[in-house]
Amino acid sequence: MTDAVAEAHRRGWARVLATVVRITRDLDAAEDAVQDAFTAAVERWPAQGVPDDTTAWLTTVARNRALDAMRRERTLARKLPLLMVPTPAEPDEPDGLTDERLRLIFTCCHPALALPSRVALTLRLVCGVPTPDVARLFLVSQPTMAARLTRAKKKIQAAGIPYRVPAAHELPDRLPAVLAVVSLLLTEGHTASRGESLRQPELIRTATELAEVLAELMPDEAEVLGLLATVRLAAARGAGRLDDDGGLVLLSSQDRASWDRGLIADGCELAARAMRRTTPERAGPYALHAAIAAVHSEAPAYEATDWAQIVTLYGLLLRVAPSPVTELARVAAWSHVAGPAAALAEVTALAARPPLAGYHGLPAVRADLLRRLGRNAEAAASYREAAALTANAVERAFLLTQATQLVAE
Amino acid sequence: MKYMLMLFEPDTDWDTVPEAERTAALAEHEAFIAYLRGRGIEFSGEALRPSATATTLRPAGPGEDLLVTDGPYVELKENLAGYYVVEAADLDDAVEIARHCPTGTGTEIRPLWDAGT
């Protein structure tokens, strides 16, 4: 029976909250009412049976709780202004094109909120992850996370961030703030920046669900399709990235037979659809990332990778989203076209620039190039340098093993 | 909802700026004001003299008179040079209005506390 509640939570939390928020016009009050409704479900469903439409049941209960609370509190002075719920010019399309969840997602991911706040709000309000779990996922204390959430919710209401889905012409400005949240969840899920394990499956699942919802709601947005493609391709290759002991396996050594072919086909199809909805020159970063992942996924072997294509895609990516980390990735790919010696000179030039100082990826790429040049002692030193810079235990162990093996050779 | 648009720019003494530049700057603000009037937006606003003309009162200590000091409260490379208070539907609307406002190095948008609600 708790399974039924868990399933209802997964399917319905965001819809119920998104609806109740429109009544309370207060995020905290809505959250409390929805929480109460789920508590009621845990109490009543075992005896009364699970309702046919769990989301509708929960919405009714939550709405009544919210209305009761509002009647009780009517006499109390409000400290915060109410959430800005714009009155739509026309009622919502009857075919449900405007999904309630989208309003919630775009409000939680408003660019006027800092990225960490957007991520925390999305996990808490859109995904219904309890605050202590949000805190644990980002390795901060519960009071710190609670304070971050409170501050963010207060800003939404006090600063008048509207509870609405942006118009089509606003999407290019507003979508990146949403995609950045999903992307950060995905990246952290697959390679935790800190901690003992490499992957955090809960974050991957959350990112996947969000990307699916976005693609379902905005099926023509190239960047949304690109993000979902990246989610699918990362999942397809996820198992191959870890050995039996949970250690890291590089792309070059992965057993490609362990990759999920169904997910790869799905991901490549999505990546191609994303690129068809744009042009290579105008493609956004998520469509390009997906295209790069697709080229890797379609290669029958590491040596058979179409590196020239990957270098071209990274070049396009650098034009729309310049970043030193992407430059490093481009150089790493280019080393398979131009050779490790030429690439090493580029890496040395990159190292002289401050943004990459302290980034473990730089000495790791340098180490790989030095190893391929047979300069083993220098390569081992670079691997150790990289190991000292990463805060993830699995990555550190992998880099130190590489160093040890080189010394032994 | 009322928002203040705080306009930051490098300290400028508009009295000593060449006339053509001053006229151009004023024209930008006139264009913004025309935009506000065109949309029927209630507003007010003023420009400030440079921070070198500022005087700041600071607590001198418990039981002592406030100390009068020369200069702005915080010394910055860029200072508050002027402001508008506009009536906007929500933050998105305020951002849209602020995009039309001439800006030096940055425009901070702050909701005003409404004591009436």
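Please find, among A:Thr312, A:Thr326, A:Thr305, the residue that is over 26 Å from the mean Cα position of the chain (by Cα) and not aliphatic (A, V, I, L, M).
A:Thr305
Of the numbered criteria (1) surrounded by 12 or more Cβ atoms within 10 Å (Cβ to Cβ); (2) away from every other protein chain (no Cβ under 14 Å), the one B:Glu42 fails is (1).
The residues of the range A:7-29 that are outside any helix (DSSP H, G or I) and either crowded, with 20+ Cβ neighbours inside 10 Å or of a type in the set (A, V, I, L, M, F, W, C) (or both) amount to a single one, A:Asp26. Only one of the numbered conditions (1) surrounded by 14 or more Cβ atoms within 10 Å (Cβ to Cβ); (2) in a helix (DSSP H, G or I); (3) within 14 Å of chain B (Cβ to nearest Cβ) is not met by A:Ala146, and that is (3). Listed by first and then second residue, the pairs linking a residue in the range B:94-111 that is touching a residue at least 24 places away in the same chain (Cβ under 8 Å) to a residue that is of a type in the set (Gly, Ala, Ser) and exposed (fewer than 15 other Cβ atoms within 10 Å of the Cβ), with Cβ atoms under 9 Å apart and 6 or more places separating them unless they lie on different chains, are B:His100/B:Ala31; B:Pro102/B:Ala31.
The residues of the range B:2-30 that are touching a residue at least 12 places away in the same chain (Cβ under 8 Å) and either polar (S, T, N, Q) or farther than 15 Å from B:Val86 by Cβ (or both), listed by number, are B:Phe8, B:Glu9, B:Pro10, B:Asp11, B:Thr12, B:Asp13, B:Trp14, B:Ala25, B:Glu28.
To keep it simple, each residue is scored yes or no on (1) in contact (Cβ under 8 Å) with a residue 60 or more places away in the chain; (2) out of contact with any helix residue (DSSP H, G or I) (no Cβ under 8 Å at 6 or more places or on another chain); (3) hydroxyl-bearing (Ser, Thr, Tyr); (4) under 22 Å from A:Glu202 (Cα atoms).
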residue	(1), (2), (3), (4)
A:Asp3	no, yes, no, yes
A:Arg11	no, no, no, yes
A:Leu17	yes, no, no, yes
A:Val20	no, no, no, no
A:Ala29	no, no, no, no
A:Ala33	no, no, no, no
A:Phe38	no, no, no, yes
A:Glu43	no, yes, no, no
A:Pro46	no, yes, no, no
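Scan the range A:307-314 and give yes if some residue there is modelled with pLDDT of 95 or more, assigned to a helix (DSSP H, G or I) and touching a Gly at 6+ places or on another chain (Cβ under 6 Å), otherwise no. No; the residues of the range A:307-314 include none that is modelled with pLDDT of 95 or more, assigned to a helix (DSSP H, G or I) and touching a Gly at 6+ places or on another chain (Cβ under 6 Å). When the range A:226-261 is filtered for residues that are more than 23 Å from A:Glu202 (Cβ to Cβ), exposed (fewer than 15 other Cβ atoms within 10 Å of the Cβ) and not aliphatic (A, V, I, L, M), the ones remaining, listed by number, are A:Ser252, A:Ser253, A:Asp255, A:Arg261. Considering the range A:152-183, the residues that are more than 14 Å from chain B (Cβ to nearest Cβ) and out of contact with any helix residue (DSSP H, G or I) (no Cβ under 7 Å at 6 or more places or on another chain) include one that is modelled with the highest pLDDT, namely A:Pro176.
Just to be sure, is B:Leu66 away from chain A (no Cβ under 14 Å), in contact with a Pro (Cβ under 7 Å, 6 or more places away or on another chain) and surrounded by fewer than 13 Cβ atoms within 10 Å (Cβ to Cβ)? When the stated conditions are applied, B:Leu66 passes them. Taken together, the residues in the range B:80-94 that are under 19 Å from B:Asp114 (Cα atoms) and either more than 12 Å from chain A (Cβ to nearest Cβ) or out of contact with any Gly (no Cβ under 6 Å at 6 or more places or on another chain) (or both) amount to 10. Out of all the residues in the range A:231-254, is one or more in a helix (DSSP H, G or I), under 26 Å from A:Glu346 (Cβ atoms) and hydrophobic (A, V, I, L, M, F, W, C)? There is at least one residue in the range A:231-254 that is in a helix (DSSP H, G or I), under 26 Å from A:Glu346 (Cβ atoms) and hydrophobic (A, V, I, L, M, F, W, C).
The values are calculated or read from the model by the stated rules, or taken from the named source; none is laboratory data. What you see is a predicted model; the values in this text were computed from it and never measured. Ideal geometry is used to build each Cβ from the backbone, glycine not excepted, and the neighbour counts take in all protein chains shown.
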